[in-house]
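The values are calculated or read from the model by the stated rules, or taken from the named source; none is laboratory data. Everything quoted here is computed from the prediction, not taken from an experiment. Cβ atoms come from the backbone with ideal geometry, glycine included; neighbour counts cover every protein chain shown. Just the protein is used for accessible areas: all its heavy atoms, side chains included, with ligands, DNA and RNA removed. Shrake-Rupley method; radii C 1.70, N 1.55, O 1.52, S 1.80 Å.
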Amino acid sequence: MKVNVHAVNFTVDRKLVDFIQGRMDKLEKYYDKIVSSEVFLKVDNTSEKENKIVEIKIHVPGDDFLVKKQCKSFEEAVDQCAESAERLLMKRKEKIRAHI
């Protein structure tokens, strides 16, 4: 799957990009018709510890899914987003299976 990583107002290191790619590749076992995905990494300028925001936009035929999480680290936020996306993709797969 093609994964585009966009870091807003900062540069992202290779290790984080590889982590995101690996985590996104795991989503294909839940729904194999994923076209591409975009991951937006943002840092919120607040005094709170949970200031890392991750948005994942997943493109599937006929639909787009958007998942957004805010956590202490990008890795934790990516994991939570991926878990939410897994549930969304499984729901979609069951819905399509019910119509066939």
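Accessible surface calculations at 1.4 Å, restricted to protein heavy atoms, place the chain at 63 Å² per residue.
Only protein atoms count toward the accessible area here, which uses a 1.4 Å probe; on the chain, the carbon and sulfur part of that area reaches 48 percent.
For the residues 25, 18, a 1.4 Å probe over the protein chains yields an accessible-area ranking, largest first, of 18, 25. Restricting segment 1-90 to GluC sites (Glu not before Pro) that sit in a DSSP loop and have at most 15 other Cβ atoms within 10 Å of their own Cβ leaves 48, 50. Would you calculate, for the chain, the mean residue ellipticity at 222 nm contributed by helices, counting each DSSP H stretch of 4 or more residues as -39,500 (n - 2.57) and dividing by all residues, to the nearest 500? Here the helix-only value at 222 nm equals -13000 deg cm²/dmol. For the chain, the longest principal axis of the C-alpha atoms and the axis of helix 74-99 are separated by about 10°. Heavy-atom accessible area for residue 12, with the other protein chains in place and a 1.4 Å probe, reaches approximately 50 Å². The trypsin sites (Lys or Arg not before Pro) of segment 49-98 that DSSP puts in a loop, and whose beta carbon has at most 12 other beta carbons within 10 Å, are 49, 72.
The angle separating the long axis of helix 14-25 from the principal Cα axis of greatest extent in the chain is about 20 degrees. Here r is the Cβ-Cβ distance between residue 86 and residue 10 and R0 is 25 Å; the resulting FRET efficiency, rounded to 0.05, is 0.35.
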